[in-house]
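For reference, the structure discussed in these notes is given below.
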Protein chains: 2
Amino acid sequence: MKIAIFGFGTVGSGVYDVINMNSALIEKRAGKPIEIKYVLDLRDFPGNPVEKVLVHDVDIILNDPEVKIIAEVMGGMKPAYEYTKRALLAGKSVCTSNKELVAAHGAELIEIAKQNKCDYYFEASVGGGIPIIRSLCDALVGDDIVEIKGIVNGTTNYILSRMGEDGLAFDTALKEAQDNGFAERNPAADIEGIDAQRKTAILASLAAGYQVDCDDIPTEGICAVTAADIACAKEFGAKIKLLASIRREDEKVSAMVAPFLVFESCQLYHVNGVFNGILVTGNATGEVMFYGKGAGKLPTAGAVVGDIIEAAKYYGLPSDIIWSPEKAKMADKGSMTGRYYVRINGGSAVKAKEVFGACVENAVKYEENIAFITEKISEADFEAKIKDLDVLSRIRVYD
Amino acid sequence: MKIAIFGFGTVGSGVYDVINMNSALIEKRAGKPIEIKYVLDLRDFPGNPVEKVLVHDVDIILNDPEVKIIAEVMGGMKPAYEYTKRALLAGKSVCTSNKELVAAHGAELIEIAKQNKCDYYFEASVGGGIPIIRSLCDALVGDDIVEIKGIVNGTTNYILSRMGEDGLAFDTALKEAQDNGFAERNPAADIEGIDAQRKTAILASLAAGYQVDCDDIPTEGICAVTAADIACAKEFGAKIKLLASIRREDEKVSAMVAPFLVFESCQLYHVNGVFNGILVTGNATGEVMFYGKGAGKLPTAGAVVGDIIEAAKYYGLPSDIIWSPEKAKMADKGSMTGRYYVRINGGSAVKAKEVFGACVENAVKYEENIAFITEKISEADFEAKIKDLDVLSRIRVYD
């Protein structure tokens with residue numbers, strides 16, 4: 001079976017390497033040899049063995065009936081969206097790590113694949129090498145998925161871990177992450193939660209079977225998390241983690257990306273550094289957690305290659321992923337409930353007690369501030385209650 | 001699509017319940033309604049709705065061409081082995097939670113399924129609701145699996161957790177587990193490691209693609225683990241866990257079930273109580289961990305129902321699980337290497353230092369004993385070295 005790789009960047013070269021490294025095993029498992037016929041990239045790679053299969057013109061690949069499977073690992077919307085559509089329309093299965101494209105157009109591309117008797121696979125789009133997509137679609141297929149809570153962005157988890165373990169300031173931890181290659185020079189997509197939002201959209205859509213748009217997912221990044229909050233959280237026995245939070249109730253989906261206090265009794269507390277961890281709760285299976293490296297060349301490439309093998313094995317069978325383009329019914333943000341961690345100026349302690357009651361009595365002190373954890377409350381009620389308080393920070397609590 | 005359930009015990013009634021509870025969702029995901037036509041059990045269940053579909057004679061089911069899928073949740077070898085073979089020969093796919101049968105005859109039953117264009121599924125045989133089998137066979141299919149280390153028995157993990165957290169003696173912890181329904185009245189299969197051995201055989205066979213027999217897996221249970229060892233392990237920053245340990249190197253498989261010291265930096269350290277955790281290392285994906293309830297009515301039933309849906313979706317397609325009946329090449333036990341925790345009478349400290357060198361200097365004291373951790377050493381060398389020492393206990397170390 002002949003395949004092509006779109007994009008010879010980090011993940012693309014990883015796919016190339018894994019296919020060569022594990023070729024005997026891949027042939028055995030796919031039931032046929034898998035051969036890279038083309039690699040598409042605008043650049044040249046003089047001296048690299050990839051030169052032999054490198055092309056700059058996508059039409060050569062799309063018009064070649066021998067090519068049955070495409071690994072789209074270019075990232076971004078343009079031209080990945082157009083190329084993917086054309087590949088699927090030509091009956092070629094596409095395996096991707098492109099979370100931006102999957103989040104925005106997954107349902108549509110799956111539909112096109114179905115109509116053209118090919119498949120659209122995207123295991124690598126969430127959690128890198130962690131088999132979360134296939135587990136949701138296949139293994140946990142007997143379950144009604146009621147909740148997903150996950151650490152789906154390694155960069156922010158690394159930063160928060162370093163702040164928590166060694167008391168680094170946010171900026172110092174970010175710089176260290178950049179120096180170690182765990183954060184991009186322009187870290188906005190990670191630290192503002194955009195990357196996590198895309199992954200949350202994909203997971204929420206699969207859990208619901210309907211489209212959950214990024215725009216419908218309230219998202220907060222980690223820029224506002226301070227050393228003070230991390231220290232106070234520690235006093236409460238918690239760490240601060242950026243979570244993808246998805247819940248399904250009464251046919252409605254609530255989804256959110258935000259920093260949360262996570263207590264030691266929760267497995268996610270122990271997911272540190274660049275690792276990802278995703279807790280899935282099914283109505284039969286209960287809680288299952290998936291843990292591993294959520295990014296990186298080989299883990300992500302491994303997931304793409306897993307998809308390629310599946311695509312080869314099931315080539316010609318219609319896709320069975322259930323993800324309708326119809327929009328999921330979303331819960332109103334104000335109606336979502338949970339506890340809140342609140343840090344205020346010590347001077348407003350009396351006022352806080354009037355508003356939030358006894359829970360303020362268990363406050364911890366940090367310099368001139370106090371921090372306390374509220375009772376369970378709706379987002380709307382909470383926002384109303386803090387209006388007259390001098391709130392320095394508020395972070396949701398994962399219970 | 002009509003199915004039958006063999007056995008209406010804990011798991012069987014769970015399968016019955018999950019299929020009824022999630023029927024709309026199951027129909028959507030399987031692409032067709034799934035209807036329980038028969039439940040086979042020797043017993044009667046007067047007043048239970050299952051009565052309407054209850055039969056005592058397996059031939060009624062095996063001779064009914066309408067039944068395409070069987071959930072075999074009887075457990076044990078007899079008559080499950082014979083019934084499964086007959087079902088597969090009749091072209092009916094079989095989904096099972098029966099680890100004993102899978103460990104002993106998995107390869108043969110998969111082969112019979114292939115020849116009869118049906119399938120043999122066994123997700124529920126390891127890790128209950130944790131999708132470890134499908135992840136090994138499908139999602140991590142692009143990886144060469146180099147190592148699996150896992151807590152695969154919830155009963156022993158519960159006992160060891162209670163001994164570790166609250167200093168309970170082994171017998172007290174076992175009794176508590178029995179009182180809470182986490183251990184059987186006859187706990188031998190769990191505490192002697194037999195249950196873990198079967199699961200290890202299944203995982204090792206799938207990792208290697210060849211048959212790994214239970215008899216080829218050196219197995220130690222947890223009966224010899226004492227409060228003293230747990231206290232000493234704690235001094236070293238470790239917990240004691242019963243691990244399934246599988247490694248592949250130079251085309252050879254080493255597999256073992258034994259208590260291990262696990263340090264805090266390892267995810268398995270945080271897998272406590274009745275939970276299971278399985279760390280899989282692939283040559284591309286790196287370390288991935290799966291965590292969840294490894295037993296229990298609904299988690300196990302959820303896994304069986306997931307298999308039933310897959311069996312319904314792919315009915316008529318040949319099985320693609322790679323598990324040859326040919327025996328895997330096993331590494332010699334004596335050649336396996338690792339560090340050892342050793343507890344000895346304080347009186348033999350000088351002798352121990354002669355034999356094991358500087359590592360004894362970091363020994364911790366426990367009453368009249370000392371405990372130390374050796375350098376990396378082969379099992380054979382270790383056994384030779386401790387011959388003349390007054391060894392009270394020795395436990396492997398997971399690094």
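I'd like to know if region A:241-257 contains one or more residues that are polar (S, T, N, Q), under 30 Å from A:GLY75 (Cα atoms) and in contact (Cβ under 8 Å) with a residue 60 or more places away in the chain. Quick ask: steps written out before the conclusion?
Of the residues in region A:241-257, the ones polar (S, T, N, Q) are A:245, A:254.
After this cut, where a residue has to be under 30 Å from A:GLY75 (Cα atoms) as well, the list is A:245, A:254.
Narrowing the set further to residues that are in contact (Cβ under 8 Å) with a residue 60 or more places away in the chain leaves A:245, A:254.
Within region A:241-257, one or more residues are polar (S, T, N, Q), under 30 Å from A:GLY75 (Cα atoms) and in contact (Cβ under 8 Å) with a residue 60 or more places away in the chain.
Just checking, which of A:LYS114, A:LYS149 is assigned by TED's automatic domain parsing to the domain that holds A:SER93 and touching a residue at least 12 places away in the same chain (Cβ under 8 Å)? Steps first, answer last, please.
Numbers: A:LYS149 fails: assigned by TED's automatic domain parsing to the domain that holds A:SER93.
Among A:LYS114, A:LYS149, only A:LYS114 is assigned by TED's automatic domain parsing to the domain that holds A:SER93 and touching a residue at least 12 places away in the same chain (Cβ under 8 Å).
When you look at A:TYR83, is it of a type in the set (Phe, Trp, Tyr), more than 14 Å from every other protein chain (Cβ to nearest Cβ) and touching a strand residue (DSSP E or B) at 6+ places or on another chain (Cβ under 9 Å), yes or no? If you could, list the steps in order and put the result at the bottom.
Details: of a type in the set (Phe, Trp, Tyr): yes; more than 14 Å from every other protein chain (Cβ to nearest Cβ): yes; touching a strand residue (DSSP E or B) at 6+ places or on another chain (Cβ under 9 Å): yes.
Judged against the criteria, A:TYR83 is a match.
Considering only region B:282-295, I want to know if a residue exists there that is closer than 30 Å to A:GLY31 by Cβ, small (Gly, Ala, Ser) and assigned to a helix (DSSP H, G or I).
Of all residues in region B:282-295, those closer than 30 Å to A:GLY31 by Cβ come to B:282-290.
Now drop any that are not small (Gly, Ala, Ser), which leaves B:282, B:284, B:286.
Still in the list and also assigned to a helix (DSSP H, G or I): none.
Within region B:282-295 (the criterion being closer than 30 Å to A:GLY31 by Cβ, small (Gly, Ala, Ser) and assigned to a helix (DSSP H, G or I)), the answer is no, since none of the residues qualifies.
Considering B:ILE148, B:ILE110, B:ILE159, B:ILE194, which residue is closer than 20 Å to A:MET289 by Cα and among the β-branched types (Val, Ile, Thr)?
Details: B:ILE110 fails: closer than 20 Å to A:MET289 by Cα; B:ILE159 fails: closer than 20 Å to A:MET289 by Cα; B:ILE194 fails: closer than 20 Å to A:MET289 by Cα.
The conditions single out B:ILE148.
Evaluate region B:254-267: report whether one residue or more is of a type outside the set (A, V, I, L, M, F, W, C), facing chain A (nearest Cβ under 10 Å) and in contact with a strand residue (DSSP E or B) (Cβ under 7 Å, 6 or more places away or on another chain).
Taking region B:254-267 first, the residues of a type outside the set (A, V, I, L, M, F, W, C) are B:254, B:259, B:264-265, B:267.
Now restrict to residues that are facing chain A (nearest Cβ under 10 Å): B:264-265, B:267.
In the following step, the residues that additionally are in contact with a strand residue (DSSP E or B) (Cβ under 7 Å, 6 or more places away or on another chain) were identified as B:267.
Taking every residue of region B:254-267 in turn, at least one turns out to be of a type outside the set (A, V, I, L, M, F, W, C), facing chain A (nearest Cβ under 10 Å) and in contact with a strand residue (DSSP E or B) (Cβ under 7 Å, 6 or more places away or on another chain).
Here is a check on your reading of the model: is A:GLU310 of a type in the set (D, E, K, R) and in a helix (DSSP H, G or I)?
Numbers: of a type in the set (D, E, K, R): yes; in a helix (DSSP H, G or I): yes.
In short, yes.
Take the residues in region B:114-135 that are over 22 Å from B:VAL15 (Cβ atoms) and part of a helix (DSSP H, G or I), then tell me which one is nearest to the other protein chains (Cβ to nearest Cβ).
B:LYS114
Scan region B:115-124 and tell me whether some residue there is out of contact with any Gly (no Cβ under 9 Å at 6 or more places or on another chain) and basic (Lys, Arg). Spell out how you get there, then give the answer.
Pass one, region B:115-124, residues out of contact with any Gly (no Cβ under 9 Å at 6 or more places or on another chain): B:115, B:119.
Those left that are additionally basic (Lys, Arg): none.
No, every residue in region B:115-124 fails to be out of contact with any Gly (no Cβ under 9 Å at 6 or more places or on another chain) and basic (Lys, Arg).
Going through region B:33-45 one residue at a time, which ones are assigned to a loop (DSSP other than H, G, I, E, B) and either farther than 20 Å from A:LEU140 by Cα or of a type in the set (Ser, Thr, Tyr) (or both)? Walk me through it before giving the result.
We begin by selecting, within region B:33-45, every residue assigned to a loop (DSSP other than H, G, I, E, B); these are B:33-34, B:41-45.
If the condition is that a residue be assigned to a loop (DSSP other than H, G, I, E, B) and either farther than 20 Å from A:LEU140 by Cα or of a type in the set (Ser, Thr, Tyr) (or both), then B:ASP41, B:LEU42, B:ARG43, B:ASP44, B:PHE45 are the ones that fit.
Which helices (runs of 4 or more DSSP H) does region B:179-255 wholly contain that include 1 or more residues that are closer than 15 Å to B:ALA104 by Cβ? Step through it out loud before you land on a result.
On the way: elements: B:188-191, B:194-208, B:227-235.
Output list reads B:188-191, B:194-208.
Table: residues versus (1) out of contact with any Ser or Thr (no Cβ under 9 Å at 6 or more places or on another chain); (2) surrounded by fewer than 24 Cβ atoms within 10 Å (Cβ to Cβ); (3) at negative phi; (4) within 14 Å of another protein chain (Cβ to nearest Cβ).
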position: B:GLY91; (1), (2), (3), (4): yes, yes, no, no
position: B:ALA107; (1), (2), (3), (4): no, yes, yes, no
position: B:ILE112; (1), (2), (3), (4): no, yes, yes, no
position: B:CYS137; (1), (2), (3), (4): yes, yes, yes, yes
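Scan region B:338-371 residue by residue and report those that are surrounded by fewer than 14 Cβ atoms within 10 Å (Cβ to Cβ) and among the polar types (S, T, N, Q). Please lay out each step first, then the result.
Taking region B:338-371 as the starting set, the residues that turn out to be surrounded by fewer than 14 Cβ atoms within 10 Å (Cβ to Cβ) are B:347, B:350, B:354, B:357-358, B:361-362, B:365, B:367-368.
B:ASN362 - this is the single residue of region B:338-371 that is surrounded by fewer than 14 Cβ atoms within 10 Å (Cβ to Cβ) and among the polar types (S, T, N, Q).
Quick one: is A:TYR341 under 30 Å from A:ILE151 (Cβ atoms), in contact (Cβ under 8 Å) with a residue 60 or more places away in the chain and touching a strand residue (DSSP E or B) at 6+ places or on another chain (Cβ under 8 Å)?
yes
Answer yes or no as to whether B:VAL58 is closer than 28 Å to B:GLU111 by Cβ, touching a Pro at 6+ places or on another chain (Cβ under 8 Å) and modelled with pLDDT of 95 or more.
Details: closer than 28 Å to B:GLU111 by Cβ: yes; touching a Pro at 6+ places or on another chain (Cβ under 8 Å): yes; modelled with pLDDT of 95 or more: yes.
Here the answer is yes, as B:VAL58 does meet what is asked.
Working carefully through the options B:VAL146, B:VAL141, find the one that is outside any helix (DSSP H, G or I), within 21 Å of B:LEU203 (Cβ to Cβ) and more than 9 Å from every other protein chain (Cβ to nearest Cβ). Give the derivation first.
Values: B:VAL141 fails: more than 9 Å from every other protein chain (Cβ to nearest Cβ).
Just a single option satisfies the conditions, and that option is B:VAL146.
Condition first: touching a Leu at 6+ places or on another chain (Cβ under 8 Å) and charged (D, E, K, R). Can you find one or more residues in region B:304-311 that meet it?
First, the residues of region B:304-311 that are touching a Leu at 6+ places or on another chain (Cβ under 8 Å): B:306.
Right, trim to charged (D, E, K, R) and you get none.
No.
Among the candidates A:VAL288, A:VAL305, which residue alone is touching a helix residue (DSSP H, G or I) at 6+ places or on another chain (Cβ under 9 Å) and farther than 30 Å from B:ALA301 by Cβ?
Values: A:VAL288 fails: farther than 30 Å from B:ALA301 by Cβ.
Criteria check complete, one pass: A:VAL305.
Yes or no: region A:14-32 includes at least one residue that is without any contact (Cβ under 8 Å) to a residue 24 or more places away in the chain, among the polar types (S, T, N, Q) and either away from every other protein chain (no Cβ under 14 Å) or not in a loop (DSSP other than H, G, I, E, B) (or both). Give the derivation first.
The first filter runs over region A:14-32 and keeps only residues without any contact (Cβ under 8 Å) to a residue 24 or more places away in the chain, leaving A:20-21, A:23-25, A:27-28.
Still in the list and also among the polar types (S, T, N, Q): A:20, A:23.
Adding the requirement that they be either away from every other protein chain (no Cβ under 14 Å) or not in a loop (DSSP other than H, G, I, E, B) (or both) leaves A:20, A:23.
There is at least one residue in region A:14-32 that is without any contact (Cβ under 8 Å) to a residue 24 or more places away in the chain, among the polar types (S, T, N, Q) and either away from every other protein chain (no Cβ under 14 Å) or not in a loop (DSSP other than H, G, I, E, B) (or both).
Check region A:358-374 and report whether any residue there is closer than 20 Å to A:LEU261 by Cα and within 29 Å of the chain's Cα centre (by Cα).
yes
The values are calculated or read from the model by the stated rules, or taken from the named source; none is laboratory data. Quick caveat, the model's predicted, so the values are computed rather than measured. Reconstructed Cβ throughout: ideal geometry from the backbone, glycine too, with neighbour counts over all protein chains shown.
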